Amino acid sequence: MIPPAKLARLPRHQRLRKAEKILALLERRLAGESIGIPEPAGLSPAYLAEVLGLLAADGDFPAGERKVFREAALCCGPCPPVSSGGLRRSLNAARHVLLAATGRYPSDWDFIGGEGGLDGTKRRVFPGMQVYLEDIRSPFNVGAMFRAAESFGVEKLWLSPRCADPQHPRARRSAMGCVDVLPWERGEAEDLLGPRRAEEGEGRFFALETGGLDITEFAFPRQGILIAGSEELGVSPAALERADASLGRLSIRTYGAKGSLNVSVAFGIALQRWAEALAH
């Protein structure tokens, strides 16, 4: 690790970036993300307290941010204060101050902790509760929708061939391990939503789309497939036709000027309502 005295002599922007990397390294270890990586030589509580003390003495930071560094330094001592919220929380607060100071604001997939390690056998699943993601282009949205689907007991998730890859690093980060425990498969809409499935008694479809029945009035099925469409274009006309011929459209009432929600947010709201209906 870089000696604190040398760190203090670096240009400020470079010093803050190196300090952020030091805090991130320890936070990743505390979150269990760096299993198998050798402990860096010199990364001790005393070393961290010295680095944080150096940051707390930086008069270019506002008083409130210097306080964040001082509190984190106290958590690295032999008798951390009970009110500090724990070492990781204090380091996290200090690290985000440094990120903002260097002009870097993290996306959801950059956050530390939470990926992997889920026990799929502990899932509560509602048999027949399935979803179809049609042309969801953003890896972040795909990952967030996997996370919502796992949280609310979806049995299986289908993706159109043009959906972003669930194995994309950003998708995996936002899914927080759910890609590994939730069964999923790619398929064309005409195969999944076609007449054959209707003949087999599996053709109960409904679309999450504007212009449908309000979510408070919609009768969720015991078994069926919820269709969520593209961030830009919504559910395709062909899939809407299938839904309209089956269970129809589900809409979420909004009250703002925008009048629409991010697809992963709307998807999570719809799944929560569906799971609630199935659980009672």
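In whole percent, what relative contact order does the chain give with Cα contacts below 8 Å and a gap of six or more residues? Mind showing how you got there, number by number?
On the way: 427 pairs, mean separation 42.9, N = 280.
Relative contact order for the chain comes out at 15 percent.
Can you tell which of Arg137, Arg124, Arg170 shows the greatest fluctuation in a Gaussian network model of the chain with Cα springs below 10 Å?
Arg124
Need one number: nm distance between label points at Arg186 and Leu233, each 7 Å from Cα along Cα→Cβ, rounded to one decimal.
1.8 nm
Would you order Phe126, Phe152, Phe111 from fewest to most other beta-carbon atoms within 10 Å of each residue's own beta-carbon? Mind dumping the intermediate values first?
On the way: Phe126 17, Phe152 22, Phe111 14.
Taking fewest neighbouring Cβ atoms as first place, the list is Phe111, Phe126, Phe152.
Taking N as the number of residues in the chain, what value does Rg over Cα atoms divided by 2.2 N^0.38 Å take? Let's see the in-between values first.
Values: Rg = 23.9 Å, N = 280, 2.2 N^0.38 = 18.7 Å.
Its radius of gyration relative to the 2.2 N^0.38 Å reference: 1.28.
Treat each spin label as a single point 7 Å out from the Cα along the C-beta direction, and report the Asp244 to Arg137 distance in nm.
2.5 nm
With springs only between Cα atoms under 10 Å apart, run a GNM on the chain and tell me which of Val51, Val131, Val154 wobbles the most.
Largest GNM mean-square fluctuation: Val51.
If each residue of separation counts as 0.36 nm, what is the full-extension length gain between Ala31 and Ala257 once their alpha-carbon separation is subtracted?
Answer, rounded to one decimal: 77.4 nm.
For Ala279 and Lys21, calculate 0.36 nm times their separation in residues minus their Cα-Cα distance, and state this gained length in nm to one decimal. List each step's numbers first, then the result.
On the way: separation 258, 0.36 × 258 = 92.88 nm, distance 4.49 nm.
Extending this stretch completely gives an extra 88.4 nm.
Can you classify the range 120-279 as rounded, prolate or oblate using the Cα gyration tensor, where a ≥ b ≥ c are the square roots of its eigenvalues, rounded means a/c under 1.5, and otherwise it's prolate if a/b beats b/c and oblate if not? Intermediate values should be presented prior to the final figure.
On the way: a/c = 1.25, a/b = 1.12, b/c = 1.11.
Here the range 120-279 falls in the rounded category.
For Arg70 and Ile269, calculate 0.36 nm times their separation in residues minus their Cα-Cα distance, and state this gained length in nm to one decimal. Kindly include the intermediate steps, with their values, before the conclusion.
Numbers: separation 199, 0.36 × 199 = 71.64 nm, distance 4.04 nm.
Roughly 67.6 nm would be gained on extension.
State the antiparallel share, in %, of DSSP beta bridges confined to the chain, rounding to the nearest 5. Before the final figure, lay out the partial values.
Numbers: 1 of 21 bridges.
Taking every DSSP beta bridge with both residues in the chain, the antiparallel ones total about 5 percent.
Sum up the lysine pairs in the chain that clear both bars: alpha-carbon distance under 29 Å and a spacing of 8 or more or different chains. Don't skip to the answer; put the middle values down first.
Numbers: Lys6/Lys18; Lys6/Lys21; Lys6/Lys67; Lys18/Lys67; Lys21/Lys67; Lys122/Lys156.
Lysine pair count for the chain: 6.
Go through 259-267, 171-179 and give me the packing order, highest mean Cβ count within 10 Å leading. Walk me through the intermediate numbers first.
Details: 259-267: 17.1, 171-179: 24.2.
Packing order, densest peptide first, comes out as 171-179, 259-267.
Laboratory data are not the source of any read-out in this text; all were calculated from the coordinates shown. As the structure is a computational prediction, the values presented were derived from the model and not from experiment. Methodologically, a virtual Cβ is constructed for each residue, glycine included, from the backbone with ideal geometry; neighbour enumeration extends over all protein chains shown.
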